[in-house]
1. Restricting to the range 184-206, name every residue that is open to solvent by 20 Å² or more (accessible area, probe 1.4 Å), farther than 13 Å from Cys39 by Cβ and either small (Gly, Ala, Ser) or over 15 Å from the mean Cα position of the chain (by Cα) (or both).
2. With Thr113, Thr118, Thr157 as the choices, which residue is without any contact (Cβ under 8 Å) to a residue 24 or more places away in the chain and of a type in the set (Val, Ile, Thr)?
3. Hey, Ala112 hits all of (1) assigned to a helix (DSSP H, G or I); (2) more than 23 Å from the chain's Cα centre (by Cα) but one; which does it fall short on?
4. Give the number of residues within the range 156-173 that are assigned to a helix (DSSP H, G or I) and polar (S, T, N, Q).
5. Can you confirm whether Ile286 is touching a Gly at 6+ places or on another chain (Cβ under 8 Å), in contact (Cβ under 8 Å) with a residue 60 or more places away in the chain and more than 27 Å from Arg175 (Cβ to Cβ)?
6. Tally up the residues in the range 283-321 that are among the hydrophobic types (A, V, I, L, M, F, W, C) and open to solvent by 30 Å² or more (accessible area, probe 1.4 Å), please.
7. Could you tell me whether any residue of the range 239-254 is more than 29 Å from Val125 (Cα to Cα), in contact with a Leu (Cβ under 7 Å, 6 or more places away or on another chain) and surrounded by fewer than 21 Cβ atoms within 10 Å (Cβ to Cβ)?
8. Any idea which residue in the range 208-238 is most open to solvent (accessible area, probe 1.4 Å), counting only those that are under 16 Å from the mean Cα position of the chain (by Cα) and not aromatic (Phe, Trp, Tyr)?
Amino acid sequence: MKPLDTQATLHVRCGSDIRDGLKHAGFIGDFLEFSDPFCQGPVPDLPRDAFIETRAAFIAGAYDLPGDTALERLRREYDALNRLGQYDHVVLWFEHDSYDQLIQAFLMDAIATIQPETNIDVISVNHAPASEAIDRFLGLGQLSLDGLIWCWNTHRTPLNSDMLTFGSKVWKAVRKDSPKDLKTLAETPNAPLPQMPEALKRHLAELPAPQTGLSLTQKLTLQIIKDHGPLPVGKVFGHLMRSVDPLPYLGDLMFWSEIQWMMDCQDPLFTLTPATPEINWAERTITLTNTGHETLAGKRNFLDNFTGTRWVGGIQINPSDAA
């Protein structure tokens, strides 16, 4: 079988979910994972080294990883971008959620800065082919080998200056401490990066709602528990991803970090049983408290109860902050 690409091709993806699939589908190029999850944690406007250190500190704390391991991995991924020009062909693989699209915006800005002299294509999809029989398309990792080849044959678009410019604007707006520019970009008609506006709207929905102080993820999490009663945390995550979130973007550890941030409050929104951390978080039962019910109903504002710090891009959410 003739290879679809060449050994001088680099496939860039914000995760490792399709690494093996590409190989089994007949792709022979190199693979680079760049997976800094800008949809969570601080994304401040800092110089490169300080920015990477800030991101690594967040990742280590949020996902319970050794700090030196997180920092080493990020530095390796960021440094690898400087080598894009060593390949004849670079292909960027993304889906439509804010995890992927914010990384895509970063890469557009990075490529515009580095200006590698190579042929670059973008694959960005928001659905699977009908032949895949997928109930809800969440990401490229769901696709079969034929599905990956379908992406290659039908959704590969040459990178152009409009895409780079728009992505750079988005990346700069993501890092600002005000949502104003991002809101404007989210309303862009016929955007050069067509999946970006909806992803930005979902990202902006993580800002606290005025009446409840809750992000959309926080609101939906409490609503699932209210609707279904006490549930294992893993099942709450399943409901969120499969049916409730309008544009799911969280991985399992990312969701668990959201649960932990919701626990940073004076009066708990929920209880977790058993309380022993030795039990896998996904198996612990989460039960709404009266405070959780009242917050969900808008009778209490979570930010009046919140004692921690949360970030939406470059915007820091502190106790008693309101949108």
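1. If the condition is that a residue be open to solvent by 20 Å² or more (accessible area, probe 1.4 Å), farther than 13 Å from Cys39 by Cβ and either small (Gly, Ala, Ser) or over 15 Å from the mean Cα position of the chain (by Cα) (or both), then Thr184, Leu185, Glu187, Thr188, Pro189, Asn190, Pro192, Pro194 are the ones that fit.
2. Exactly one of Thr113, Thr118, Thr157 is without any contact (Cβ under 8 Å) to a residue 24 or more places away in the chain and of a type in the set (Val, Ile, Thr), namely Thr113.
3. (2)
4. 3
5. Taking the combined requirement at face value, the residue does not satisfy it.
6. Selection size over the range 283-321: 2.
7. no
8. Leu216
The values are calculated or read from the model by the stated rules, or taken from the named source; none is laboratory data. The model shown is predicted, which means the values in this text are computed figures rather than measured ones. Glycine also receives a Cβ, built like all others from the backbone with ideal geometry; neighbour counts cover every protein chain displayed. Accessible surface areas use protein heavy atoms only, side chains included; no ligands, DNA or RNA. Shrake-Rupley method; radii C 1.70, N 1.55, O 1.52, S 1.80 Å.
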